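Each reported figure results from applying straightforward, stated rules to the coordinates on display, with no laboratory input. Computed from a prediction, not measured in an experiment: that's the story for all the values here. With ideal geometry, Cβ positions are generated from the backbone for all residues, glycine too; neighbour counts draw on all protein chains shown.
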Amino acid sequence: MNPSRHPAFWARTLSILLLFTTIDASLAQTETFDSGTDDGWTRFSPLDIVGASSIITFPDDPADGKAYRFQSPAPPVPDAGPARTFTFRDESLSDFYAATDILDWNNDVDQAFGILFRATSIGLGQTLGYVFNYDPQQASGGRGQIQFNIVTGEAAAGTIGAANLSLEPGESYRFVMEAMGTEFKARIYDLKNLTAPIASFHATDDSYGAGSAGLFNFYRGGEVTDSDLGIADTTFDNFNTGTSDDRVPAPGTWRGIEGWPHILNLSPLHRTTFHPVDEGIQFTISTLDEQSVDLERVTLTLNGRDITSSIIGQSSENGLQVTSKALQPNTVYEARIEITNNEGPAAITEWTFDTFSDAFLSSEAVEIIELEDYNFDGGKFVDNPAVSGFLANGSGVNANEGYVDREGEPEIDFFDHSAGPAGDDKAIYRSFDPVATQAGASETGSAEEFSGPDPAINDTIRSQYRNVGLTEIQVTNTEGGEWLNYTREFETGDYQVFLRGAGRATQEIHLDEVIGNPTEPDQATNRLGTFTLPNMGMEFNYRFVPLLDSNGAPVRLALSGTKTLRVTIGTEQEDRVKETTALNYLAFVPATEEPGKALIVTTSAQVEGPFTSDSTVQLRENQITLPLSADQRFLNISSQNGTPVSITKIEIINGSLVIEYSL
């Protein structure tokens with residue numbers, strides 16, 4: 001279990017916490033709430049006056065400790081304002097950092113929650129200070145935003161910094177902020193990966209110089225007295241404050257509790273693209289004190305395959321330096337590091353990266369379809385189009401050789417819910433069509449170097465664009481049900497297909513073959529597979545996602561000659577996924593058999609099915625492992641290419657079923 005989520009981990013010491021390279025331990029404070037109390041905190045329940053008192057409880061957290069839950073009921077009358085709860089420490093802080101874990105929240109209500117800081121005059125209608133808060137319903141359909149806000153008279157008095165960010169219900173996160181004079185900085189981490197933030201932003205303000213820090217939630221919608229909607233409900237854990245001369249964390253320098261293992265200096269970082277194979281995987285395991293970590297406690301898994309035998313450890317003054325040279329070229333990896341102790345997992349990091357190269361993706365071996373290069377003029381296409389677009393001065397590049405400003409035919413070349421052109425910066429490539437084409441994805445205040453609205457953050461720019469002075473173009477502002485057609489000529493072969501994109505809502509993107517006439521409306525299609533684009537927090541956190549079949553297994557796609565393929569934005573037209581994706585390109589890569597991945601293993605609770613993919617199944621070379629459970633499970637084992645599978649051995653090892661096989 002990740003130490004950041006394990007109360008026993010936090011309870012060992014109250015010395016230091018979190019993300020900063022040097023901390024004055026005498027001023028740092030940690031509250032785990034594992035005692036089931038909030039002694040030393042002051043509770044403020046503003047709606048006591050109207051009989052809607054805050055409910056503060058200490059539920060069990062996933063790691064057998066205690067968490068800190070705020071339930072703020074709706075008031076019977078609106079006179080005293082909306083539902084809200086505050087707790088805080090009485091000490092006054094000026095320059096400091098604060099952090100807390102968010103374990104759960106009601107994503108269906110219009111609430112805000114987070115950290116109160118530099119607060120004074122705390123009372124009904126009086127509170128002054130700032131809040132660092134997340135709003136899960138900032139936009140309809142569960143599209144969130146995280147903000148710094150000024151508080152005056154216990155009311156919001158202006159947003160001074162923000163980032164569009166949609167957190168995934170059921171996942172846990174860490175909010176980290178620092179205040180240094182008039183400068184405020186924030187970072188948000190997924191608790192499954194504390195080596196790289198999913199979002200960062202900053203703000204500047206000089207209204208308040210010092211005050212208390214604490215936690216809060218409040219209802220921010222219009223149904224103040226509605227007992228179901230006018231509420232706030234948030235579960236926090238592990239609140240920490242401290243001061244430091246050096247608060248700004250560098251990537252990979254996560255700072256945690258002394259005495260427990262931490263994964264530092266990870267390379268490649270989460271979502272790294274074009275990682276050189278010869279650099280392998282590198283990371284440091286440190287307990288942040290004189291204790292050491294035994295290499296035998298470390299497990300490294302790549303794409304479900306245990307490659308721990310490939311790792312090498314070397315002790316240094318900074319901790320145990322771990323390396324693995326087991327990477328293969330031109331591969332997309334889902335990776336996991338696990339460090340165990342006598343009680344089980346003590347630290348976990350999960351991340352994705354790839355070892356493609358710019359040269360490989362631009363070679364004749366790979367078919368790339370730029371998603372802005374959809375058909376035009378009722379089914380027409382350009383095979384192997386030249387890179388085209390417009391320079392900053394407005395002059396065109398390869399304007400007659402590519403797809404720039406070619407006009408598609410609605411219902412034949414594309415379907416979009418909008419009728420007219422996208423306009424402004426959303427139509428910089430296909431300006432006559434409603435399909436939004438943009439140089440990157442736009443967010444509000446989305447990175448530390450930006451403080452204003454709508455900076456466009458682009459994907460890694462490949463050489464064919466860079467060499468002619470162009471940027472990558474993405475299809476953005478998508479909605480469920482929209483589609484785009486692409487006709488290309490394929491070299492005969494088997495391909496694995498990857499979508500390069502980003503999104504801040506989990507979204508299915510389907511790939512179909514058009515088997516009807518691509519020059520006429522009402523085209524018949526055949527489903528080839530689905531890309532499940534995960535919620536990556538922000539719309540510019542790009543990654544590769546593989547094409548999978550209905551069982552969750554990678555698709556090996558046989559293509560030859562001229563094909564018309566269709567990309568469809570999954571689900572119905574709903575606000576949850578509206579304008580949450582940035583789609584760059586499809587990469588059709590020659591299929592290879594990775595050890596352990598030539599096998600397809602699905603499970604079911606009934607012998608007659610249905611059989612589906614199971615995340616607890618681990619595939620290694622010639623071995624299948626899955627944990628035993630009290631529930632009955634049936635396995636369906638087959639190979640991707642139809643080769644017979646022979647089971648050579650079945651045994652139970654350390655609470656897991658281990659099946660050895662040969663192909």
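FRET efficiency for SER656 and THR42, Cβ-Cβ distance as r, R0 = 35 Å, nearest 0.05?
Given R0 = 35 Å and the Cβ-Cβ separation, E is 0.10.
Say the dipole of the chain comes from +1 at the beta carbon of Lys and Arg and -1 at that of Asp and Glu; which of THR581, GLN314, SER207 then lies farthest toward its positive end?
GLN314
Once you order the gyration tensor axes a ≥ b ≥ c over the Cα atoms, which shape class does the range 72-198 get: rounded for a/c under 1.5, otherwise prolate or oblate by comparing a/b with b/c?
Verdict is oblate for the range 72-198.
ILE55 label point, 7 Å along Cα→Cβ, cut-off 14 Å on backbone N: hits in the range 65-83?
Within reach of a label on ILE55, which here means backbone N under 14 Å from a point 7 Å along Cα→Cβ, the range 65-83 contributes 69-75.
Where does each of HIS275, HIS417 land when they are ranked from fewest to most other beta-carbon atoms within 10 angstrom?
HIS417, HIS275
Can you tell me how much longer the chain between VAL468 and ASP108 gets when fully stretched, taken as 0.36 nm per residue apart minus their C-alpha distance, in nm with one decimal?
Taking 0.36 nm per residue and subtracting the Cα distance, the gain is 124.9 nm.
Express in nm, to one decimal, how much length is gained between THR648 and ASN384 on full extension, taking 0.36 nm for each residue of separation and deducting their alpha carbon distance.
Once the chain is fully extended between THR648 and ASN384, it gains 90.3 nm.
Roughly how big is the chain's charge dipole about its Cα centre, with Cβ charges of +1 (Lys, Arg) and -1 (Asp, Glu), in debye to the nearest 20?
Result for the chain is approximately 920 debye, rounded to the nearest 20.
222 nm [θ] for the chain, helices only, -39500 (n - 2.57) per DSSP H run of 4+, per residue, to 500?
Rounded to the nearest 500, it is -500 deg cm²/dmol.
If each Cα of the range 262-354 is one equal point scatterer, what is log10 of I(q)/I(0) from the Debye formula at q = 0.14, 0.16, 0.19, 0.24 Å⁻¹?
With no solvent term, the Cα-only Debye profile gives -0.47, -0.61, -0.86, -1.33.
Given +1 on the Cβ of Lys and Arg, -1 on the Cβ of Asp and Glu, and no further charges, what dipole in debye does the range 333-438 carry about its Cα centre, rounded to the nearest 20?
200
After finding the eigenvalues of the alpha carbon gyration tensor for the chain, what semi-axes result from the square roots of 5 times each, listed largest first in whole Å?
So the three semi-axes of the chain are 42, 33, 24 Å.
Expressed in nm to one decimal, what extension gain is obtained for the pair ASP95 and GLU411 from 0.36 nm per residue of sequence separation less their Cα-Cα distance?
Contour length minus Cα-Cα distance gives 108.0 nm.
For THR120 and GLN328, FRET efficiency with R0 = 56 Å and r from the beta-carbon atoms, rounded to 0.05? Spell out each step's value before the answer.
Working: r = 58 Å, r/R0 = 1.04.
Plugging the Cβ-Cβ distance into 1/(1 + (r/R0)^6) gives 0.45.
R0 = 25 Å: FRET efficiency of VAL277 with ALA558, Cβ-based, nearest 0.05?
Rounded to the nearest 0.05, the efficiency is 0.35.
So how long is each side of the range 358-590 along the principal axes, counting just the alpha-carbon atoms, biggest first, in Å?
47, 39, 38
For the chain, what is the relative contact order in percent, using Cα pairs closer than 8 Å and at least 6 residues apart in sequence?
Reported as a whole number, the value is 11 percent.
Relative to a virtual label point 7 Å from the Cα of ASP575 in the Cα→beta-carbon direction, which members of the range 186-229 show backbone nitrogen distances below 16 Å?
Zone members listed by number: 220-224, 229.
Any idea how far apart SER431 and ASP79 come out in nm if each label point goes 7 Å out from Cα toward Cβ?
Inter-label distance under the simple model: 6.0 nm.
Residue farthest toward the positive end of the dipole of the chain, with Cβ of Lys/Arg at +1 and Asp/Glu at -1: which of THR525, THR235, GLY570?
THR235
Where the centroid of each part is defined by its Cα atoms, how far is the range 34-69 from the range 416-438 in Å?
Taking the Cα centre of each part, the range 34-69 and the range 416-438 sit 49 Å apart.
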